[in-house]
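Encoded as structure tokens, the structure appears first; notes follow it.
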Amino acid sequence: MDATCIKLYGVFSREQEVTLGTGTTKRKSVSKTSWFAKEISGNKVEMRSLDMHLRIQGALTVLDKEAVLDDFTPEPQLTYKLLSSPLMKGDSYREQGNHASAVREYEKVRSIDDANIRALFGMGISLLALGKTQKAQYVFNDLIKLNEAFQEQHKHLFNELGISLRRRGLIEETLRYYFKAQEMSPEDENLQFNIARAYFEGDDLDNAITHLLNALEINCSLESALKFARFILEKELLAFGDARTSRLNSYVSPASETTA
């Protein structure tokens with residue numbers, strides 16, 4: 001495969017010849033430095049220098065991808081040690097319910113790649129599980145700035161974090177989160193249902209029904225939305241004569257309208 005088609009990510013090294021000493025003691029040596037590389041759009045790569053302890057140092061540098069491929073060498077073992085391994089361990093700990101250990105592993109990843117989406121999702125979920133709401137909100141604010149976080153490949157983590165936010169009663173953050181996702185997926189019926197549920201738990205029935213109807217308009221067979229609609233109708237939460245009652249009924253009992 002053409003190397004230019006591969007997204008660059010991980011630890012790279014660069015060797016440069018340097019001159020040491022002067023006069024008769026003058027000699028040449030090879031200096032090897034380590035860098036964290038992360039490809040962005042436009043065939044550009046963000047580069048951050050790593051110190052001798054493999055911690056981020058110095059300012060961010062943006063290079064052409066071609067220059068990185070020419071002048072830098074991938075270090076897959078270091079990439080695994082510093083990024084892939086702690087990320088996998090963090091996910092495993094989180095899934096086992098060991099959230100304190102999960103947070104420690106995610107912090108290792110973020111010490112090098114502070115915008116790592118999996119680490120941000122995982123850390124947010126684990127911090128909420130630990131009841132560390134304020135720290136989770138800091139992570140949430142970082143996450144919501146990243147459009148990549150709302151892409152299809154992260155959907156299961158997106159859903160897990162959304163549920164965690166709502167269960168912790170963070171309705172405002174939950175809605176900000178879901179509306180950011182709506183910008184990326186305006187026709188997602190599950191997202192519309194989740195927005196409806198968040199509004200309902202925030203005691204905003206009008207907006208809850210608006211988004212519930214949106215969900216049913218997109219997918220009239222969505223069982224979770226139909227169950228919610230039945231609940232609203234059975235509890236008679238809408239005032240007598242409210243036109244939305246008939247709209248909800250049209251989805252809950254469509255057969256009644258077609259019976260001869």
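Some values worked out for this structure:
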{"quantity": "Sparse-neighbourhood loop sites, GluC sites (Glu not before Pro) in segment 126-234 - DSSP loop, at most 14 other Cβ within 10 angstrom", "calculated": "E187"}
{"quantity": "Spherically averaged projected area of segment 33-183 from its Cα convex hull (nm²)", "calculated": "9.6 nm²"}
{"quantity": "Of all accessible heavy-atom area on the chain, the percent that carbon and sulfur account for (1.4 Å)", "calculated": "49 percent"}
{"quantity": "Around S224: net Lys/Arg minus Asp/Glu count, Cβ-Cβ under 10 Å", "calculated": "0"}
{"quantity": "Size-normalised alpha-carbon gyration radius of the chain, reference 2.2 N^0.38 Å", "calculated": "1.40"}
{"quantity": "Sorted largest first, extent of segment 83-149 alpha carbons per principal axis (Å)", "calculated": "28, 27, 17"}
{"quantity": "Extension gain (nm, one decimal) between E234 and D51, 0.36 nm per residue minus Cα-Cα", "calculated": "59.5 nm"}
{"quantity": "Chymotrypsin sites (Phe, Trp or Tyr not before Pro) restricted to DSSP loop in segment 139-177 with at most 12 other C-beta within 10 Å", "calculated": "none"}
{"quantity": "Unit charges on C-beta of K, R, D, E only; dipole of segment 100-179, Debye", "calculated": "280 debye"}
{"quantity": "All-pairs Cα distance distribution in segment 156-260, expressed in whole percent, bin size 10 Å", "calculated": "15, 46, 29, 8, 1"}
{"quantity": "Calculated log₁₀ intensity ratio I(q)/I(0) where the Debye formula runs over C-alpha points of segment 82-122, q = 0.24 Å⁻¹", "calculated": "-0.63"}
{"quantity": "FRET efficiency, 1/(1 + (r/R0)^6) with R0 30 Å, evaluated for E107 and M184 via beta carbons", "calculated": "0.65"}
{"quantity": "Segment H156-D204, length gained on full extension (0.36 nm per residue, minus Cα span)", "calculated": "14.6 nm"}
{"quantity": "Computed helical MRE - 222 nm, the chain, DSSP H runs ≥ 4 contributing -39500 (n - 2.57), nearest 500", "calculated": "-16000 deg cm²/dmol"}
{"quantity": "Share of alpha-carbon pairs per 10 Å distance bin for segment 146-204, given as whole %", "calculated": "24, 60, 15, 0"}
{"quantity": "In nm, spacing of pseudo-spin labels at A59 and E15 (7 Å Cα→C-beta vector)", "calculated": "3.0 nm"}
{"quantity": "Trypsin sites (Lys or Arg not before Pro) lying in DSSP loop within segment 45-143, provided at most 14 other Cβ fall within 10 Å", "calculated": "R55"}
{"quantity": "Per residue accessible area in Å² of the chain, where ligands, DNA and RNA are left out and the probe is 1.4 Å", "calculated": "58 Å²"}
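The values are calculated or read from the model by the stated rules, or taken from the named source; none is laboratory data. As the structure is a computational prediction, the values presented were derived from the model and not from experiment. With ideal geometry, Cβ positions are generated from the backbone for all residues, glycine too; neighbour counts draw on all protein chains shown. The protein model used for the area step is the full one, side chains on, heavy atoms only, and it has no ligands, DNA or RNA in it. Shrake-Rupley method; radii C 1.70, N 1.55, O 1.52, S 1.80 Å.
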